[in-house]
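S.K.: For reference, the structure I am asking about is given below.
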Amino acid sequence: MATFELEHLTKRFGEHVAVDDVSASAEPGEVVGLIGANGSGKTTTMRMLLGHIRPSSGRAWIEGNELSRPAARVGVGFLPDDPPLDDRWSVARQLDWWERLRGPAPRRESIEHRLGLDRHKTIGELSRGNRQKVGIAMALMHVPSLIVLDEPATGLDPLVRQELWALLRFEADRGATVLFSSHVLNDVEHACDRVIVLRDGGVAFDGAVDALLADATRTIEVDFAAPVDPGVFTTLAGVDEVHWDDRRLTITFSGPADPVVKALARHEVIEVTASRPTLEGSFAHLNRSTT
Amino acid sequence: MSAPILERGIALRRRTMLGWGIGSGLFTALILAVFPVIRDDPTFDELLAEYPEPVLALVGDATLSSGPGFMSAELYSLVLPVMVAVIAVTTAAAALAGEDERGWLALVLAGPLARDRLVGEIALTVAVVTAGPVMASAVVVAVGGPLVELDLSFAALAAVSVSTWLFGLVFGAVALIAGAYDGRRATAVTAGVGFLLFAYGAEIVGATASWGEFLRELSPFHHLVGSQPAVDGAPWGAIVIAVLTVLAAVEFAARLLTRRDLVG
């Protein structure tokens, strides 16, 4: 059974369609990244999944339960962007209270330890990153089956960020489903098995990160021994842009590299510098191709 | 039964409750301290008798030389009820709409907590926080009253305290409904304070002009504090209606919140 299912979800705010016919689901053990430009519908989709806002049409389930039933959210752990904590309380008191609200938290101690939380500090004294860590502990300590995180790495230093990804991978390995949004595509690429790209409220891509990367825009810089005709490269499949400058050719392309490599092989090449495909490139390509 | 929302609501407002409690206790003590002077000087009653009807309606149409009449005029007909109403409105607005605006409702409602239970516990928070200054004032009267020969019975003190507390809760309930409907603290405060001003205006107009008497019937001032529970005893009919109104308002607020999108 899927951990969550969204079926033709649409959300309108007056005339504005924020989310348009989004269908998606995720299985236990998956780490799914939700990405998109500002206003693409990421947050609205997450908020509908959590029952914070009601869809204008469509339905959603968590572990087979319709979202309108509070029982559907028993297994949900949620980290909002900038978690609203109680500034006058200590970290320990905040987590104690959260345990009283949500019930016993078997993994509290281990998560506190992994995140390096100082139990005695007052929330109001904490940096943005440390507040985020308290929020992460609250999202994970009840051993949730669905973990929803909105920009989870915000404010975290690189080491804690690594620890977060390790924690989320651990959660997925024990069978939880992780869904998170991020505007840092590097994080998504690093942490996700699957990525859902939203554009103008609709799903522009839903699949494995590798599949998205295969479509990524890449750049190759080639130094030739003698001048070449750049026009030869502009007609190749997948080539977006060709730039010739003093025996150096810069080719921007997407899709398989094979046609470009074979065309280069017909000339005397001195040096090739190729960039690795990135999610940024894929995202940019996807946005261009669907515009 | 565990009530974590109520527990948190009170814990976060402990200092505020203490401040309001000390404030209302001190104010009550000051009023009590003045009573012997007023009681022993008949000119105050003569002066009061010359007040126009609308003013008497607001300060309590009673003799200042009697303890219950004095307390009604100086404390229980306007100052304490308005203070309690303002506390109820600001607490209800902050606890529901304010927490929605800052995203706290979204955090707790991402779990299995039902929205009607959330509203119920927030309403209880308002009831407890509001009871603080009323109880502090009552304790000061209970302890200090005999020292100044106030002659206010325990039953009368209980009646006026309950009436004042319920008076505040009615306005808190209005703020709760507005917050549940709109999710904005400013709207909730405006609705609660707006209704308080309307109720005050209705009481004045109703006491002044015969054409406006029907307005007075809509005013909690008239039913809960204008009837002077300290002098005439508990207005049981008004108390029952106020309790039912507050309970219905909480239920209505819960339904409104269940049917709307969160703001934060």
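S.K.: Quickly run through region A:76-103 and pick out the residues that are more than 25 Å from B:R13 (Cβ to Cβ) and either touching an Asp or Glu at 6+ places or on another chain (Cβ under 9 Å) or more than 12 Å from chain B (Cβ to nearest Cβ) (or both).
M.R.: Result: A:G77, A:F78, A:L79, A:D81.
S.K.: Something else now. Residues in region B:231-264 that are buried (at least 19 other Cβ atoms within 10 Å of the Cβ), of a type outside the set (V, I, T) and over 27 Å from A:L67 (Cβ atoms): how many?
M.R.: 4
S.K.: Of all the helices (runs of 4 or more DSSP H) wholly in region B:178-264, which have at least 2 residues that are polar (S, T, N, Q) and either over 23 Å from B:E121 (Cβ atoms) or modelled with pLDDT under 95 (or both)?
M.R.: By residue number, B:185-208.
S.K.: Here is a further query. In region A:194-212, which residues are at pLDDT below 90 and closer than 20 Å to A:L168 by Cβ?
M.R.: If the condition is that a residue be at pLDDT below 90 and closer than 20 Å to A:L168 by Cβ, then A:V209, A:D210, A:L212 are the ones that fit.
S.K.: Could you say whether any residue in region A:48-55 is closer than 19 Å to B:L113 by Cβ and either in a helix (DSSP H, G or I) or more than 10 Å from chain B (Cβ to nearest Cβ) (or both)?
M.R.: Taking every residue of region A:48-55 in turn, at least one turns out to be closer than 19 Å to B:L113 by Cβ and either in a helix (DSSP H, G or I) or more than 10 Å from chain B (Cβ to nearest Cβ) (or both).
S.K.: Kindly list, by first and then second residue, each pair from a residue in region B:235-264 that is within 14 Å of another protein chain (Cβ to nearest Cβ) to a residue that is part of a loop (DSSP other than H, G, I, E, B) and charged (D, E, K, R), limited to pairs with Cβ atoms under 9 Å and residues at least 6 apart or on different chains.
M.R.: Hits for this filter: B:R259/A:R54; B:R260/A:R54; B:D261/A:R54; B:V263/B:R184; B:G264/B:R102.
S.K.: So if I check each of B:D116, B:D100, which one is in a helix (DSSP H, G or I), touching a Leu at 6+ places or on another chain (Cβ under 7 Å), of a type in the set (D, E) and more than 28 Å from B:M71 (Cα to Cα)?
M.R.: After applying the criteria, what remains is B:D100.
S.K.: For the subset of region B:1-17 comprising residues that are more than 22 Å from the chain's Cα centre (by Cα) and assigned to a loop (DSSP other than H, G, I, E, B), which member is farthest from the other protein chains (Cβ to nearest Cβ)?
M.R.: B:M1
S.K.: While we're looking at this one, here's another question. May I ask you to verify whether A:S68 is at pLDDT below 95, in a loop (DSSP other than H, G, I, E, B) and in contact with a Leu (Cβ under 7 Å, 6 or more places away or on another chain)?
M.R.: It is false that A:S68 is at pLDDT below 95, in a loop (DSSP other than H, G, I, E, B) and in contact with a Leu (Cβ under 7 Å, 6 or more places away or on another chain).
S.K.: While we're looking at this one, here's another question. For residues that are touching a residue at least 24 places away in the same chain (Cβ under 8 Å) and within 14 Å of another protein chain (Cβ to nearest Cβ), scanning just region A:23-47, find the one that is nearest to A:L9 (Cα to Cα).
M.R.: Among those residues, the one meeting the criterion is A:T45.
S.K.: Between a first residue in region A:105-128 that is touching a residue at least 40 places away in the same chain (Cβ under 8 Å) and a second residue that is part of a loop (DSSP other than H, G, I, E, B), which pairs have beta carbons less than 8 Å apart while being 6 or more apart in sequence or on different chains?
M.R.: A:I111/A:M141; A:R128/A:D82; A:R128/A:T154; A:R128/A:G155
S.K.: State whether one or more residues within region A:64-72 are more than 22 Å from A:V160 (Cβ to Cβ), of a type in the set (S, T, N, Q) and free of Cβ contacts under 8 Å to residues at least 12 places away in the same chain.
M.R.: Checking region A:64-72: at least one residue is more than 22 Å from A:V160 (Cβ to Cβ), of a type in the set (S, T, N, Q) and free of Cβ contacts under 8 Å to residues at least 12 places away in the same chain.
S.K.: For B:A94, indicate whether it is within 14 Å of chain A (Cβ to nearest Cβ) and touching a residue at least 60 places away in the same chain (Cβ under 8 Å).
M.R.: So B:A94 fits the description; yes.
S.K.: Across region A:56-68, what is the total count of residues that are of a type in the set (D, E, K, R) and either within 9 Å of chain B (Cβ to nearest Cβ) or within 22 Å of the chain's Cα centre (by Cα) (or both)?
M.R.: 1
S.K.: Which residue out of A:S145, A:S181 is polar (S, T, N, Q) and either surrounded by 21 or more Cβ atoms within 10 Å (Cβ to Cβ) or in contact with a Leu (Cβ under 6 Å, 6 or more places away or on another chain) (or both)?
M.R.: A:S181
S.K.: Also, I was wondering about something else. Among the residues of region A:81-130, which ones are over 27 Å from the mean Cα position of the chain (by Cα), basic (K, R) and assigned to a loop (DSSP other than H, G, I, E, B)?
M.R.: Hits for region A:81-130 are A:R88, A:R119, A:K121.
S.K.: Moving on to the next point. Would you mind stating whether A:D20 is within 14 Å of chain B (Cβ to nearest Cβ) and touching a Ser or Thr at 6+ places or on another chain (Cβ under 9 Å)?
M.R.: So A:D20 fails the test.
S.K.: Taking the condition of being under 24 Å from B:L105 (Cβ atoms) and within 17 Å of the chain's Cα centre (by Cα), how many residues in region B:171-196 meet it?
M.R.: 15
The values are calculated or read from the model by the stated rules, or taken from the named source; none is laboratory data. Computed from a prediction, not measured in an experiment: that's the story for all the values here. Please note: Cβ atoms are built from the backbone with ideal geometry, for glycine as well, and neighbour counts cover all protein chains shown.
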